[in-house]
Ligand code: PRX
């Protein structure tokens, strides 16, 4: 055990030496010439000139010592399947997959979209891309064809990997028809679609010449060995789309060397996982948590990772603890929403299994409220570590760092700055640092540490303008989160400064949902806000102005219209973005210059004071919001 303050100080004041030390945790095919090239702020290039490969570091590197150790355990409570892959077996599967990709002409730098349920093959696909230097872009399986098409057109993939279907809550969800529709909508569809047929969807159809069958190609490449393609450290490893202020999702681009170093270092220092131990991250590979802590982090660190397809409450609320006990899980990671869901279940499930192997439970993605944190801490008798980060950073910005020093944690706070992050809380308009317990925007002084986004895919300008241009007098990275810091240095996150909604730990853009709703032919205008929800943190609420008022004139007609709007969102974006409620109004609150006052709408919807309304154009609009929420 060391002293975290000292460790942190070295990461900032002795930055290059600090990260050179961390870089020893991975294999380099060619050593780097310099730790950091920061000649073009705010673009940071880490470990310049070094050559490495993520897949080599996640698999090949471990073969000497742990070939027969479990690398991946796939468990599906949906299909009842369970399959274990040792490092040797996973290495073989990934080599086969890489050979299939190569046989279809996929090369270094080509993009591959992965639109898959939570199955082992999704992980093979990601690692196979990394092996050959192709750039994967995993799209969450819950996204609708139109969303998928937007991402396809931005990434312009050479090939796409999908499955016939996924399963959720016992229901088969065909994926392939969604892919067909997305490819029909896309301007730049991939040439090939590789389909992993799980025999779930009996109606699976294939397009001659475009669609490929994974199982038969795998047979052809059973003995394939594919040498890792060495990449220069700052060459891209993946793109992951995330929501922001505008309707168009941003492609967060991650590098190779910095990413590998940041993740393995975080496994050791923050998540305290030892090689040979087991980690269970209950998330989805479609989100950043899945990328970092289902796939890359645990494997880079020589651990066993659990890939779980299913809900936390099926077949019953004990399923996670059964998995923990049976697989001797040491470290677990999930979202506060999942814990709140479990809190509503009968308590006996928490004590049905022996979970004494579990040391720590890491929670991230949304605010962790104190009652939930206390409840799970008492029930499991494990360390609860609230950690705060973003798709953009790929690993924690705020966290206690128990691998270095097990500092006391305060409920409701993700503790303090993770090593490498030089944080400042700035006043929204003056850009001055705020005082103790004063609310400010959480920012980081660049260069950002290794592992953070290197740019927005294909749009350097957007990278600078979105993340580094919030303050006139200084170039700092903004997290778009409000926070305070107490006298002991602990941070408290208060929510987003922009129009991002966080539903069950998933980031949704208000503009994205508004654009989806506007696709309905009877919608003239709409405002979407996130309102407090006891389980999911926030829920989506929409206030819409219709073109033809007769279609909302009676309660029955309005209910029908609401259903139609919800279905439009399902179709455009996917059910995760569906509003929990759609209210119909004739006017939306705007400033005289026409800017939608989302913050005031949100305040009213949550029963709070709407704040400064001097710029409001028509007070009647707010009255309508108030009445709609009150059900008048
Ligand atoms: O608002 C913050 C919230 O989630 C946002 C990032 O979401 P995403 O890009 O999906 O990445 C999630 C990675 C864990 C942040 O801007 N957030 C994340 N973690 C926390 C949090 N809010 C409060 N407490 C947290 N621990």
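Okay, residues lined up against (1) within 26 Å of residue 153 (Cα to Cα); (2) assigned by TED's automatic domain parsing to the domain that holds residue 550:
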site	(1), (2)
451	yes, no
456	yes, no
459	yes, no
467	yes, no
477	no, no
510	yes, yes
518	yes, yes
529	no, yes
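In summary, residue 290 fulfils each of the numbered conditions (1) within 16 Å of the ligand (Cβ to nearest atom); (2) touching a helix residue (DSSP H, G or I) at 6+ places or on another chain (Cβ under 8 Å); (3) not in a loop (DSSP other than H, G, I, E, B) with the single exception of condition (2).
The set of residues in the stretch 503-521 that are in a loop (DSSP other than H, G, I, E, B), buried (at least 16 other Cβ atoms within 10 Å of the Cβ) and more than 16 Å from the ligand (Cβ to nearest atom) contains only 520.
Looking at 411, 421 in this structure, which one is within 20 Å of residue 442 (Cβ to Cβ) and surrounded by fewer than 22 Cβ atoms within 10 Å (Cβ to Cβ)? Walk me through it before giving the result.
Details: 421 fails: surrounded by fewer than 22 Cβ atoms within 10 Å (Cβ to Cβ).
Of the residues listed, the single one that is within 20 Å of residue 442 (Cβ to Cβ) and surrounded by fewer than 22 Cβ atoms within 10 Å (Cβ to Cβ) is 411.
Among all residue pairs at least 6 apart or on different chains, which show Cβ distances below 9 Å where the first residue, located in the stretch 611-625, is more than 13 Å from residue 596 (Cβ to Cβ) and the second is in a helix (DSSP H, G or I) and modelled with pLDDT of 80 or more? Cβ pairs passing all conditions: 611/599; 611/600; 611/603; 612/600; 613/600; 613/619; 613/622. Out of everything in the stretch 245-270 that is at pLDDT below 95 and surrounded by fewer than 24 Cβ atoms within 10 Å (Cβ to Cβ), what residue ends up being nearest to residue 479 (Cα to Cα)? The selected residue is 245.
Of the conditions (1) within 16 Å of the ligand (Cβ to nearest atom); (2) out of contact with any strand residue (DSSP E or B) (no Cβ under 8 Å at 6 or more places or on another chain); (3) modelled with pLDDT of 95 or more, residue 340 satisfies every one except a single condition; which number is it? Evaluating residue 340 over (1) within 16 Å of the ligand (Cβ to nearest atom); (2) out of contact with any strand residue (DSSP E or B) (no Cβ under 8 Å at 6 or more places or on another chain); (3) modelled with pLDDT of 95 or more leaves (3) as the failure.
Kindly indicate whether residue 61 is within 29 Å of residue 448 (Cα to Cα) and modelled with pLDDT of 95 or more. Yes, satisfied. Among the residues of the stretch 396-415, those identified as in contact with a helix residue (DSSP H, G or I) (Cβ under 7 Å, 6 or more places away or on another chain), more than 9 Å from the ligand (Cβ to nearest atom) and at pLDDT 95 or above are 401, 403, 404, 405, 407. Against the test of being closer than 23 Å to residue 66 by Cβ, more than 16 Å from the chain's Cα centre (by Cα) and within 16 Å of the ligand (Cβ to nearest atom), the options 303, 279 yield a single qualifying residue, 279. Looking for something out of contact with any helix residue (DSSP H, G or I) (no Cβ under 9 Å at 6 or more places or on another chain) and without any contact (Cβ under 8 Å) to a residue 40 or more places away in the chain - is there at least one such residue anywhere in the stretch 368-376? Yes: the stretch 368-376 contains one or more residues that are out of contact with any helix residue (DSSP H, G or I) (no Cβ under 9 Å at 6 or more places or on another chain) and without any contact (Cβ under 8 Å) to a residue 40 or more places away in the chain.
The values are calculated or read from the model by the stated rules, or taken from the named source; none is laboratory data. Small disclaimer: the values here were computed from a predicted structure and weren't measured. So basically every Cβ, Gly included, is an ideal-geometry build from the backbone, and we count neighbours across all protein chains shown.
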